[in-house]
Amino acid sequence: MVVIKSYTEPTRPIRVVILGSTGSIGVQALDIIARNPDRFTVVGLCATGANAQHLAQAALDFDVEVIGVTLGTCAQDVQMHLLAGAQNRGFSQGERRIPELVIGPDAPEQLARMDADIVLNAIAGAAGLQATLATLSVGNKLALANKESLIIGGDLVKNIAFPGQIVPVDSEHSAIAQCLLAGKRSEVRKLIITASGGPFRGKSALELEEVSIADSLAHPTWKMGPLVTINSATLVNKGLEVIEAHLLFDIAFNNIEVTVHPQSVVHSMVEFVDGSTIAQASPPDMRIPIAWGLSAGRDLFRVADVAPACDWKSAATWEFMPLDELVFPAVGLARAAGEAGGTAPAVFNAANESAVAAFLAGEISFTSIVVHIERILQSHLAGSSQDGPGSAYVSGNVLTLEDVLAADSWAREQRLNN
C-alpha cells in the first residue's frame, strides 16, 4: 500500500488539514509548519473544542479557512475566543477573515474532504475511521497518525486507497517506510518493529498486578495522551502496530517481529534477503515522522532541522532484547486478531479502549485490561448473530462499514471484570 517517491522540492506550499489539532501530534505538526511557512500552509483545523482558546488561537495564527468543532457544547466558546483573539490582534471586521466554523461529530469528515494536499489524521482511537475513509474517498493524501482507523477498517480502507495515498506518521512505520527505500519489495525478508518496553519493562506478571495508574502513565521515553500511554504500558500499542505494518506494507504476520529497544533511538528496521538490516535512527522526537508525513502531500522531501540528530561524538549504548510475550501477551492477541481480519481487529481495539477507560477511572486493575480484550475477542470469534448486532465475527471478504461500527459498539458494551 505504501509507495514512496524520490525526494523533490515542492513548487508551492503544501495545503494541510489537521484533524486532532490540539493533541500532541497536532501541536507538534503546527510547530513544524510555523517554522516552515514557505513549505506548508494550514487550511483547516479540527478538534473537540474542549481546548477552545488553543484552537481559536491556532486558527488565527495560521489564518485557516475552516475550523471543525466536534463537540457542539464547545462551539460557542471557540467562537468567543476567535472574536476576542481577532480584536486583541487589532483586526477590525472585514480586514481579515474569521474562519468558517463546522460543528458536530461529522466535522472531521467534512474537513477531510477539503481542497488539500494532505490531511493529517491525529484523532485518537476508533473515532478517526470515518475521517480516514473521507480523506481517501476524495483523493487527498493521508498522513496517518490514527493507526486505529486503518486497523479496524482493514480492507475497507485498503480497497479505496491508491498506491502511496497513505503515509504513516507513527515513528515505527515511518522508519520502516524510510528503510524500504534501500531495496526492492521482493528483497524484503522481515520487518522489525522496536518497542521501548514501556514503564514496566523487566517486571514479572505478578508485579504487574500491583501497578498504579500513575505508574502506568509514566512512560520512560515519550510524552503522549493517556490512551496511547496506557497502550504502551500494556504493549497493546505494539500489537496494533504489528497489524498496521501488515496492512501498510503487505508483509505477512510471520515476517513481522517485535524487539525491545529501551533507548528508543532505532525506531524500526527492515531485514533484506542478503542479510543486511537497514535501521532508521534519531533521538525520540515525533516531529521527524510528522514532518516526513506532511511532506508527502505532493512529492516527498526532507524538512531541514526539524529536530536534533544523534550525537555521534558522544558514547552511547543501544540495547535490543526479545519481547517477553508471557508477561505481555497483548502482541500475540493482536496477531490473532489481525490474522482473523474482518471485524476481529475492531473488537480488539474497542475492547481495549473501553478497558483502558475503566482502568483510568479506577474501576479495574492494570492486568485486567488484556484479560478483558482476550475474553471479548474470543467471544466475538465464536459468537452468533443471535447474540445481537456486532456480536458475530464477519470476515474481510464481505466486510462493510456497518459491520465494523456494529462490532466496535458491541465490544464497548461488554461487561468488564476486575
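Just so it is clear, none of the values below were taken in a lab; they were calculated from the coordinates. In this text, all values refer to a predicted model and were calculated from it rather than measured experimentally. Here the Cβ is made from the backbone with ideal geometry for all residues, glycine too, and neighbour counts use every protein chain on show.
Things worth noting here:
- Computed from the alpha carbon atoms alone, the convex hull of segment 341-418 holds 72 Å³ per residue.
- Under 16 Å from the Cα of LYS190 - aspartates and glutamates, other chains or at least 8 residues apart: GLU172, GLU241, GLU244, ASP250, GLU257, GLU271, ASP274
- Taking only the alpha carbons of segment 14-169, we obtain Rg and Dmax values of 15.1, 50 Å in that order.
- A convex hull fitted around the alpha carbon atoms of the chain yields 152 Å³ per residue.
- Potential extension, VAL138-LEU326 segment - 0.36 nm per residue separation minus Cα distance: 63.3 nm
- Comparing GLY49, GLY342, GLY104 in a Gaussian network model of the chain (Cα springs below 10 Å), the most mobile by mean-square fluctuation is GLY104.
- Size descriptor, Kirkwood hydrodynamic radius, that averages inverse alpha-carbon separations across segment 255-315, Å: 13.7 Å
- Three principal axis extents describe the C-alpha atoms of segment 80-220; from largest down they are 62, 45, 27 Å.
- Charge dipole (the chain, unit charges on Cβ, about Cα centre) - positive-most of ALA296, ILE256, ALA52: ALA296
- Most fluctuating residue given options HIS54, HIS267, HIS246, as computed from a GNM of the chain linking Cα atoms under 10 Å: HIS54
- Taking 1.567 mPa s as the viscosity and 4 °C as the temperature, the Stokes-Einstein diffusion coefficient of segment 21-76 based on its alpha-carbon Kirkwood radius rounds to 114 µm²/s.
- Cross-link pairs LYS238/LYS313; LYS158/LYS223; LYS203/LYS238; LYS158/LYS203; LYS141/LYS184 - those with Cα-Cα distance over 28 Å: LYS238/LYS313; LYS158/LYS223; LYS158/LYS203
- Neighbour cut-off at most 11 other Cβ (10 Å), DSSP loop, GluC sites (Glu not before Pro), segment 256-349: GLU319
- DSSP-defined antiparallel bridges as percent of all bridges, the chain, nearest 5: 30 percent
- Between segment 48-119 and segment 217-294, the Cα center-to-center distance that results, in Å: 33 Å
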